[in-house]
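Asker: Please see the structure below; I have some questions.
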Amino acid sequence: MKPEIVSSFRKSSYSGQEGDCVEVAQTADGGRVVRDSKDHAGPSIVLGAGAWTSFLENLKADHPTAL
């Protein structure tokens with residue numbers, strides 16, 4: 001089942017100019033959809049709210065200044 005996307009896709013402000021970026025959009029259940037910014041019709045990763053929160057917590061723990 002495809003998630004209901006409730007926001008626009010956006011790139012991180014940390015994205016470089018090389019075009020190697022991902023975009024993220026919020027889903028109705030508080031999760032996120034992540035896709036390649038160069039291939040909007042390509043595959044995407046869907047993370048539920050809990051998985052997205054865990055991802056951010058782990059990212060902050062490994063790189064506290066990244067977010």
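Asker: With every protein chain left in place and a probe of 1.4 Å, what is the accessible surface of Asp36, to the nearest 10 Å²?
Answerer: 60
Asker: To continue, here is another question. Which value, in Å² and to the nearest 10, is the accessible area of Glu4 when all protein chains are kept and the probe is 1.4 Å?
Answerer: About 120 Å², ignoring ligands and nucleic acids.
Asker: Please name which of Gly50, Ser12, Ala28 has its Cα lying farthest along the dipole of the chain towards the positive end, using unit charges on Cβ (Lys, Arg +1; Asp, Glu -1) and the Cα centre as origin.
Answerer: So the residue furthest toward the plus end is Ala28.
Asker: Nothing charged except the Cβ atoms of Lys and Arg (+1) and of Asp and Glu (-1): what's the magnitude of the dipole of the chain about its Cα centre? Round to the nearest 20 debye. Each step should come with its number before you reach the end.
Answerer: Values: 7 positive and 9 negative charges, 27 e Å.
Dipole of the chain, to the nearest 20 debye: 120 debye.
Asker: Using 0.36 nm times the number of residues separating Met1 and Ala49, minus their current alpha carbon distance, what extension gain do you get?
Answerer: Numbers: separation 48, 0.36 × 48 = 17.28 nm, distance 1.59 nm.
This chain segment gains 15.7 nm when fully extended.
Asker: Ignoring everything except DSSP H segments at least 4 long, calculate the 222 nm mean residue ellipticity for the chain; use -39,500 (n - 2.57) per segment, divide by total residues, nearest 500.
Answerer: Details: 1 runs with 14 residues, N = 67.
Helices in the chain give a 222 nm mean residue ellipticity of -6500 deg cm²/dmol.
Asker: What Rg and what Dmax come out for the chain when only alpha-carbon atoms are used, in angstroms?
Answerer: For the chain, the Cα-based Rg and Dmax read 12.4, 35 Å.
Asker: Ranked from the most accessible area to the least, with a 1.4 Å probe and all protein chains present, what is the order of Thr53, Thr27?
Answerer: Thr53, Thr27
Asker: List the chymotrypsin sites (Phe, Trp or Tyr not before Pro) in the chain that DSSP assigns to loop (not H, G, I, E or B) and whose Cβ has at most 11 other Cβ atoms within 10 Å. Which are they? List each step's numbers first, then the result.
Answerer: Details: sites: Phe9, Tyr14, Trp52, Phe55; in loops: Phe9, Tyr14.
The qualifying sites are Tyr14.
Asker: Please calculate the 1.4 Å probe accessible area of Val34, with all protein chains present, and give it to the nearest 10 Å².
Answerer: Near enough 30 Å² of accessible area.
Asker: Let me ask something else. Counting only heavy atoms of protein chains, what accessible area per residue, in Å², does the chain have with a probe of 1.4 Å? All intermediate terms of the calculation are to be shown ahead of the outcome.
Answerer: Values: 4990 Å² over 67 residues.
With the other protein chains kept in place, the chain gives 75 Å² per residue.
Asker: What distance in nm lies between label points placed 7 Å from Cα along the C-beta direction at Ser37 and Lys60?
Answerer: 2.4
Asker: Pull up all non-local amide H partners of Ser12: gap of 5 or more, or a different chain, and H-to-H distance under 5 Å with H placed in the peptide plane.
Answerer: Under 5 Å from the amide H of Ser12: Val22.
The values are calculated or read from the model by the stated rules, or taken from the named source; none is laboratory data. Keep in mind it's a predicted model, so treat the numbers as computed, not measured. Methodologically, a virtual Cβ is constructed for each residue, glycine included, from the backbone with ideal geometry; neighbour enumeration extends over all protein chains shown. What goes into the accessible areas is simple: the full protein's heavy atoms, side chains included, and nothing from ligands, DNA or RNA. Shrake-Rupley method; radii C 1.70, N 1.55, O 1.52, S 1.80 Å.
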